[in-house]
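**Q** The structure that follows is given in the form of structure tokens.
Nothing in this text is a laboratory measurement; each read-out follows from the coordinates by a stated rule. Predicted, not measured: the structure shown is a model, and the values here were computed from it. Methodologically, a virtual Cβ is constructed for each residue, glycine included, from the backbone with ideal geometry; neighbour enumeration extends over all protein chains shown.
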Amino acid sequence: MVIDTEAVARLIYWLGHTGSVQYPGSARTYSYILGQEIDHVGDSVLDVGCSTGIGLAKFAQVGFHTMGIDVDFCALQIARGFYPWLDWVMFDVSRAPLNQASDIVISCESFEHMEDQDMAFQHLLAAAGRVLYLAAPNGAVGPGNNPLHTHEPLVEEMIARVAGAEDFNLTAMLSTTTLRPILPGTDAADILYVIERKSK
């Protein structure tokens with residue numbers, strides 16, 4: 001077996017900085033999304049950048065059909081160990097489109113790790129049958145010195161990306177700390193963007 005030493009280093013860095021296999025802000029965000037979607041139990045949920053799977057497992061436990069994808073071999077091995085009955089796939093959404101759509105797509109604190117964010121965003125939207133929940137750091141707030149982040153997007157960048165997608169609307173922006181709505185120019189460190197497919 002070949003060990004991905006870069007993936008091991010990422011996991012060690014993560015555990016060393018958080019003491020956990022899930023960032024607390026992510027736990028709040030997943031719980032919020034689940035609360036918003038609880039009336040749609042039975043829908044399909046795709047978690048892009050699922051990491052160790054703790055957030056996605058909450059959806060599976062109440063009856064959603066789930067799949068988690070990530071580029072991190074070590075994180076996926078932890079997910080498979082915790083939840084072997086769920087589907088976990090190694091895949092890089094910034095390099096190739098997904099071959100299936102899901103009702104709900106979640107990308108929680110993973111977008112800032114993606115190499116080609118414009119391409120990744122297009123692939124996320126294409127996979128979102130009804131709604132995309134995307135949480136990412138606010139690049140205007142920083143400090144932006146995480147060596148694992150390729151780019152922390154500005155709010156204006158994210159708004160422009162959605163504006164360029166004719167089939168979608170940005171229906172909410174929330175602070176992942178307070179889970180309250182925010183406006184452009186916010187000093188919120190991390191933001192949850194709710195992006196819904198337009199009704200036909």
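**Q** Mind sorting Leu148, Leu134, Leu192, Leu86 by how few other Cβ atoms lie within 10 Å of their own Cβ, fewest first?
**A** Working: Leu148 11, Leu134 28, Leu192 24, Leu86 19.
Fewest-to-most Cβ neighbours within 10 Å comes out as Leu148, Leu86, Leu192, Leu134.
**Q** For Phe168, which sequence-distant residues (separation of 5 or more, or a different chain) have an amide H within less than 5 Å of its own amide H, given hydrogens modelled in the peptide plane?
**A** Lys198
**Q** Can you give the relative contact order of the chain as a percent, counting alpha carbon pairs under 8 Å and 6+ residues apart? Present the calculation step by step, with values, prior to reporting the outcome.
**A** Numbers: 365 pairs, mean separation 34.3, N = 200.
This gives 17 percent for the chain.
**Q** While we're on this one: Computed FRET efficiency, Cβ-Cβ of Asp87 and Asn145, R0 35 Å: what is it to the nearest 0.05? Could you put the intermediate results ahead of the total?
**A** Details: r = 35 Å, r/R0 = 0.99.
Calculated transfer efficiency: 0.50.
**Q** Something else now. What list of ³J(HN,Hα) couplings, whole Hz, do you get for region 77-87 from phi and the Karplus terms 6.51, -1.76, 1.60, once you set θ to phi - 60° and write x for glycine and proline?
**A** These are the phi-based 3J(HN,Hα) values: 5, 5, 4, 5, x, 6, 9, x, 7, 9, 8 Hz.
**Q** Using unit Cβ charges (K, R positive; D, E negative) and no other charged atoms, how large, in debye to the nearest 20, is the dipole of the chain about its Cα centre?
**A** Values: 11 positive and 24 negative charges, 92 e Å.
For this selection, approximately 440 debye.
**Q** Mind listing the long-range amide H neighbours of Ala135? Cut-off is under 5 Å, sequence gap 5 or more, other chains count too, H placed in the peptide plane at 1.01 Å from N.
**A** Ser107, Cys108, Glu109, Ser110, Tyr193
**Q** Within a 10 angstrom radius of the beta carbon, how do Asp43, Asp70, Asp87 rank from fewest other beta carbons to most?
**A** Values: Asp43 18, Asp70 25, Asp87 15.
By the 10 Å Cβ count, ascending, the order reads Asp87, Asp43, Asp70.
**Q** Ignoring everything except DSSP H segments at least 4 long, calculate the 222 nm mean residue ellipticity for the chain; use -39,500 (n - 2.57) per segment, divide by total residues, nearest 500.
**A** My calculation for the chain gives -10000 deg cm²/dmol from helical runs alone.
**Q** Hey, if you put +1 on the Cβ of every Lys and Arg and -1 on every Asp and Glu Cβ in region 5-197, which of Cys108, Phe59, Pro184 ends up farthest toward the positive end of that dipole?
**A** Positive-most Cα among the choices belongs to Phe59.
**Q** Where the only charges are on Cβ atoms (+1 Lys, Arg; -1 Asp, Glu), what is the dipole of region 139-200 about its Cα centre, to the nearest 20 debye?
**A** Values: 5 positive and 8 negative charges, 52 e Å.
Around 240 debye, computed over region 139-200.
**Q** Provide the per-residue ³J(HN,Hα) series for region 154-168, in order, calculated from phi with Karplus coefficients 6.51, -1.76, 1.60 and θ = phi - 60°, each as a whole number of Hz, with x at glycine and proline positions.
**A** Each residue of region 154-168 in turn: 6, 4, 4, 5, 5, 4, 5, 4, 5, 4, x, 9, 5, 8, 10 Hz.
**Q** Through the Karplus equation 6.51 cos²θ - 1.76 cosθ + 1.60, θ set to phi - 60°, convert the phi angles of region 169-180 into ³J(HN,Hα) values in whole Hz; use x for Gly and Pro.
**A** Listing the rounded values in order: 10, 7, 9, 6, 10, 10, 5, 6, 7, 9, 6, 10 Hz.
**Q** Here is a follow-up. Counting only other residues whose beta carbon sits under 9 Å from that of Asn138, what net charge do I get with K and R as +1, D and E as -1?
**A** On the way: positive: none; negative: Glu152, Asp187, Asp190.
Net charge in that neighbourhood comes out at -3.
**Q** Could you give the spread of the C-alpha atoms of the chain along their three principal axes, from largest to smallest, in whole angstroms?
**A** Taking the Cα atoms of the chain, the three principal extents are 47, 40, 31 Å.
**Q** Say R0 is 25 Å: what FRET efficiency, to the nearest 0.05, do Glu115 and Thr177 get from their beta-carbon distance? Working shown, then result.
**A** Details: r = 27 Å, r/R0 = 1.09.
The pair Glu115/Thr177 has a calculated efficiency of 0.35.
**Q** Also, I was wondering about something else. Using a simple spin-label model with points 7 Å from Cα along the Cα→Cβ vector, what separation in nm is obtained for Thr186 and His40?
**A** Going by the 7 Å Cα→Cβ label model, 2.0 nm.
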